[in-house]
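Undergrad: I'd like to ask some things about the structure below.
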Amino acid sequence: MEKRAFIKSYGCQMNVYDATRMADQLRAEGYTIVDEADGADLVLLNTCHIREKAAEKVYSELGRLKNARGASGEPTVIGVAGCVAQAEGEEIIRRQPRVDFVVGPQSYHRLPALLAGASRGEKPVDTDFPAEDKFHHLAQPTRRAITARGVTSFLTVQEGCDKFCAFCVVPYTRGAEVSRPVAEIVDEAQRLAEAGVREVTLLGQNVNAYHGANGRGGHASLADLIGRLAEIDGLARLRFTTSHPNDMGEDLIAAHRDEAKLMPYLHLPVQAGSDTVLKAMNRKHTAADYVALIERIRAARPDLALSGDFIVGFPGESDADFEATMEIVEAVGYAAAYSFKYSTRPGTPAAGRTDQIDEAVKSERLQRLQALLADQQRAFNRACVGRRLSVLIEKKGRREGQWVGRSPYLQPVHIPADAGAIGDLVEVDITAAEGNSLFGRATGASANPSRSEAA
Ligand code: SAH
Ligand code: SF4
Ligand code: F3S
């Protein structure tokens, strides 16, 4: 009888990518991947530990799954993967005994053994940081699986973090920074391109610190890697996320000027605008450093747009500190941003501070910051009206006869479906902006920087 597996992911894009790799592995084990927990023989929760709310979601989901059964009538096997698995390990089974196994992000290649252990009732917990590279040992996706996922894809090139920002769990849940070798990434990107992927987003918790083995005894920088990937026929667009300001090398800035396939959109979190707070966060740069960096990047690529992450209410943040965050947002101008109330994370340096900020103060600050960021996003979108932007057609729109694609700035763009097909890159005259979406008309010109006739 066919076995069905359902994977539910929380958190960042890296979890989304890991979920695809786990799905490919489970397929190789004979599972069919389904899109709901109902009737699944295996449910894998791919969890996030970044903020308290994210971590707590896992337990409410586990509570809901308690009595789940597969199609055969047997109780559903329940696994917990991801960053909560890494952070809490066996504690998860103590809190929810219905869980059959726990697997940390660096051990996904051991899924087959963990499933075997779970079926014997052993309740295995694997939160090691093994020496071997999980990606090297995980099953490769089939061409059909890649095609089914669409024309854009994530590709993890670097994992883990050595920065230890005082608020953040990632260095503990994902471990030390590790870069995948160039050849392995090129192989994977080639395979994606051959199956119809046009846009690849390179992922890493600190992606611009990438330094993978180049096969000649040395290391490649992220800019080197981008140069190499840009040679792959069929790939039309490259992106990378997330970057730390201190790792924004000259060659990477130059790549934004010189590499046509690299999109002029950069996620470069600053977190806060006050030097006192930045220092306490252990970000290792000042607000002025960040603003000067943005100026250099914009000098290299004037049409580049920025997105960022912000935290309000870090321990000790005064009213004046918060105003400095508002000021840096005003000074930089963001096309999009994510902002959060500081959340105390067990085991991180900031958690032990006695000057935690009142929830009500955090809420008020977040509201003000989000209003400003939303204004900036609206202004950016409105300023796109009248511009001609390249759009990668991704799927059917909600309305009949409509395609939805993405602009270079990741905005959804709706166009009449008489222009092109899914996977085409078309030039679009933007005619309107509504909410976070743009609307326009294809000019009839292809925007493909390089696409072989055969593709
Ligand atoms: N590696 C990335 C981001 C990792 S987490 C980077 O360095 O930018 C994504 C975002 O979550 C962070 O940028 C930060 O804004 C937010 N975040 C991380 N820890 C947090 C915490 N304890 N409370 C609130 N927000 C947090
Ligand atoms: Fe977390 Fe800082 Fe590392 Fe980003 S750079 S993952 S915020 S510790
Ligand atoms: Fe969450 Fe882990 Fe990503 S904590 S944000 S899933 S690296």
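Only the coordinates and a few stated rules stand behind these numbers; no lab work does. Small disclaimer: the values here were computed from a predicted structure and weren't measured. Please note: Cβ atoms are built from the backbone with ideal geometry, for glycine as well, and neighbour counts cover all protein chains shown.
Undergrad: Given charges of +1 on the Cβ of Lys and Arg and -1 on the Cβ of Asp and Glu, with all other atoms neutral, how large is the dipole of the range 136-188 about its Cα centre, in debye to the nearest 20?
TA: Working: 6 positive and 6 negative charges, 56 e Å.
The dipole magnitude comes to about 280 debye.
Undergrad: Please work through the chain and write down the cysteines that have no neighbouring cysteine Cβ at a distance under 4.7 Å.
TA: Cys12, Cys48, Cys83, Cys161, Cys384, each lacking another Cys Cβ under 4.7 Å.
Undergrad: Here's a follow-up. Over all pairs of distinct alpha carbons, what does the Kirkwood formula give as the hydrodynamic radius of the range 385-446, in Å?
TA: Working: mean 1/r = 0.0916 Å⁻¹.
Result for the range 385-446, one decimal place: 10.9 Å.
Undergrad: Show me, for the range 405-422, the HN-Hα J-couplings you get by feeding each phi into the Karplus relation (A = 6.51, B = -1.76, C = 1.60, θ = phi - 60°), rounded to Hz, glycine and proline as x.
TA: Once θ is set to phi - 60°, the couplings for the range 405-422 become x, 10, 6, x, 9, 6, 6, x, 10, 9, 9, x, 6, 6, 9, x, 9, 4 Hz.
Undergrad: A further question follows. Measuring from a point 7 Å past the Cα of Asp429 along Cα-to-C-beta, which residues in the range 381-405 have an amide N at less than 13 Å?
TA: 386-389
Undergrad: Let me ask another. Using Cβ contacts closer than 10 Å as the measure, can you line up Asp35, Asp275 from fewest to most? Show your work: numbers first, answer last.
TA: On the way: Asp35 9, Asp275 16.
By the 10 Å Cβ count, ascending: Asp35, Asp275.
Undergrad: In whole Hz, with x marking every Gly and Pro, tabulate ³J(HN,Hα) for the range 194-209 from phi via Karplus 6.51 cos²θ - 1.76 cosθ + 1.60, θ = phi - 60°.
TA: Along the range 194-209, the couplings run 5, 8, x, 6, 10, 10, 10, 9, 7, 10, x, 5, 9, 4, 7, 8 Hz.
Undergrad: Still on this structure: Over the chain, what is the relative contact order in whole percent, taking alpha-carbon pairs under 8 Å and six or more residues apart?
TA: Numbers: 935 pairs, mean separation 44.6, N = 455.
The normalised contact order for the chain reaches 10 percent.
Undergrad: Summing -39500 (n - 2.57) over the DSSP H runs of n ≥ 4 in the chain and dividing by its residue number, what mean residue ellipticity at 222 nm do you reach, to the nearest 500 deg cm²/dmol? Numbers along the way, then the final one.
TA: Working: 15 runs with 155 residues, N = 455.
Mean residue ellipticity at 222 nm (helix-derived): -10000 deg cm²/dmol.
Undergrad: Expressed as a whole number of Å, what is the distance separating the alpha-carbon centroids of the range 327-371 and the range 101-115?
TA: Comparing the Cα centres of the range 101-115 and the range 327-371, I get a distance of 34 Å.
Undergrad: On a 29 Å Cα-Cα criterion, which of the cross-link pairs Lys362/Lys395; Lys163/Lys341; Lys66/Lys341; Lys261/Lys341; Lys53/Lys396 come out too long? Intermediate values should be presented prior to the final figure.
TA: On the way: Lys362/Lys395 39 Å; Lys163/Lys341 21 Å; Lys66/Lys341 31 Å; Lys261/Lys341 35 Å; Lys53/Lys396 33 Å.
Beyond 29 Å: Lys362/Lys395; Lys66/Lys341; Lys261/Lys341; Lys53/Lys396.
Undergrad: Okay, moving on. Quick check: Cα centre of the range 251-277 to Cα centre of the range 1-50, how many Å?
TA: Answer, in whole Å: 32.
Undergrad: Between Thr156 and residues 5 or more places away or on another chain, which pairs have amide H atoms under 5 Å apart, with H built 1.01 Å from N, and which residues are they?
TA: Here Leu203 satisfy the definition.
Undergrad: Additional query: Rank Ile146, Gln106, Ile92 by how far each Cα sits towards the positive end of the charge dipole of the range 74-185 (+1 on Lys, Arg Cβ; -1 on Asp, Glu Cβ) and give me just the farthest.
TA: Most positive-ward Cα: Ile146.
Undergrad: Only residues of the range 198-229 count here: report those whose backbone N is under 20 Å from the spot 7 Å along Cα→Cβ of Ala131, or say none.
TA: Inside the label zone: 213.
Undergrad: Check the straight Cα-Cα distances from Lys8 and name the aspartates and glutamates below 13 Å, setting aside those fewer than 8 residues away within the same chain.
TA: Answer for Lys8, where 13 Å is the Cα cut-off: Asp18, Asp35, Glu36, Asp38, Glu61, listed by chain and number.
Undergrad: Can you work out ³J(HN,Hα) from phi for every residue in the range 138-149, in order, using Karplus 6.51 cos²θ - 1.76 cosθ + 1.60 and θ = phi - 60°, giving whole Hz and x for Gly and Pro?
TA: 7, 4, 7, x, 7, 4, 5, 5, 5, 4, 5, 7
Undergrad: Long-range amide H contacts for Arg198: which residues qualify at under 5 Å (H placed 1.01 Å from N, peptide plane, sequence gap of 5 or more or a different chain)?
TA: Thr152
Undergrad: Please report Leu42, Leu373 as a ranked list, fewest other C-beta atoms within 10 angstrom at the top and most at the bottom.
TA: Working: Leu42 25, Leu373 21.
Taking fewest neighbouring Cβ atoms as first place, the list is Leu373, Leu42.
Undergrad: Taking a ≥ b ≥ c as the square roots of the eigenvalues of the Cα gyration tensor of the range 3-126, is the shape rounded (a/c under 1.5), prolate (a/b larger than b/c) or oblate?
TA: Verdict is rounded for the range 3-126.
Undergrad: In nanometres, what is the gap between the two model label sites at Arg353 and Gln370, each 7 Å from Cα along Cα-to-Cβ?
TA: 2.2 nm
Undergrad: Okay, next question. List the extent of the Cα atoms of the chain along each of their three principal axes, largest first, rounded to whole Å.
TA: Principal axes ranked by extent give 62, 62, 52 Å for the Cα atoms.
Undergrad: Here's something else I'd like to know. For the range 296-384, how big is the tail of P(r) above 24 Å, as a whole percent of Cα pairs?
TA: Numbers: 1160 of 3916 pairs.
Beyond 24 Å sits 30 percent of the P(r) for the range 296-384.
Undergrad: Using a 7 Å offset from the Cα along the Cα-to-Cβ direction at both Arg398 and Thr443, what is the distance between the two label points in nm, to one decimal?
TA: Each label point is offset 7 Å from its Cα along the Cβ direction, giving 2.9 nm.
Undergrad: Evaluate the charge dipole of the chain about its Cα centre and quote only its size in Debye, nearest 20, assuming +1 on the Cβ of each Lys and Arg and -1 on the Cβ of each Asp and Glu. It would help to have the intermediate numbers written out before the result.
TA: On the way: 55 positive and 61 negative charges, 169 e Å.
Dipole of the chain, to the nearest 20 debye: 800 debye.
Undergrad: Label-point separation (nm) for Glu323 and Glu36, each offset 7 Å from Cα along Cα-to-Cβ?
TA: 5.4 nm
Undergrad: Under 5 Å between amide H atoms, partner at least 5 residues away or on a different chain: which partners does Gly70 have, H built in plane at 1.01 Å?
TA: Long-range HN contacts for Gly70: Thr76.
Undergrad: Run the dipole for the range 141-263 about the Cα centre, Lys and Arg Cβ at +1, Asp and Glu Cβ at -1, nothing else charged, and hand back the magnitude in debye, nearest 20.
TA: Computed about the Cα centre, the dipole is about 460 debye.
Undergrad: Show me the ranking of peptides 156-168, 421-433 by mean Cβ neighbours inside 10 Å, starting with the highest.
TA: Those peptides, ordered most packed to least, come out 156-168, 421-433.
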